[in-house]
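What follows is one structure encoded as structure tokens, with my remarks underneath.
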Amino acid sequence: MGPGSEWTSRSAGPRRPGGGTAGGRQRARFPTGLETRDIQILQALSEGASASAVGQRLGISERTVRRRMVAVCAQLGAKNVVEAVAIAVRWDLLE
């Protein structure tokens, strides 16, 4: 797997014009390009939860949590998860 390839493999199905998926399920997107799930992960991490605990809480694997955070950091221009959480707080993306 090459650099950045983990960002492109999504199992939600083929994308439709307008951002929906072929199954009709819409993903909510924030102005930053983050999805609702990304915000949920950032919220849990901001509360001090580990990647493993976040995965259990959201019903996803720890590996998925870590991969999504790599993508989130890239989207926000953050060097690490702590900086990504700080940016999300600054932009009022977290509760």
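The values are calculated or read from the model by the stated rules, or taken from the named source; none is laboratory data. Computed from a predicted model, the values in this text were never measured in an experiment. Note: ideal-geometry Cβ built from the backbone for every residue, glycine included; neighbour counts use all protein chains shown.
Worth a mention:
- Among the candidates LEU76, LEU94, residue that is at pLDDT below 95 and in contact with a Ser or Thr (Cβ under 6 Å, 6 or more places away or on another chain): LEU94
- Those residues of segment 43-95 which are closer than 19 Å to GLY33 by Cβ and among the acidic types (Asp, Glu), in sequence order: GLU83, ASP92
- Check on GLY33, at pLDDT 95 or above, surrounded by fewer than 14 Cβ atoms within 10 Å (Cβ to Cβ) and not polar (S, T, N, Q): no
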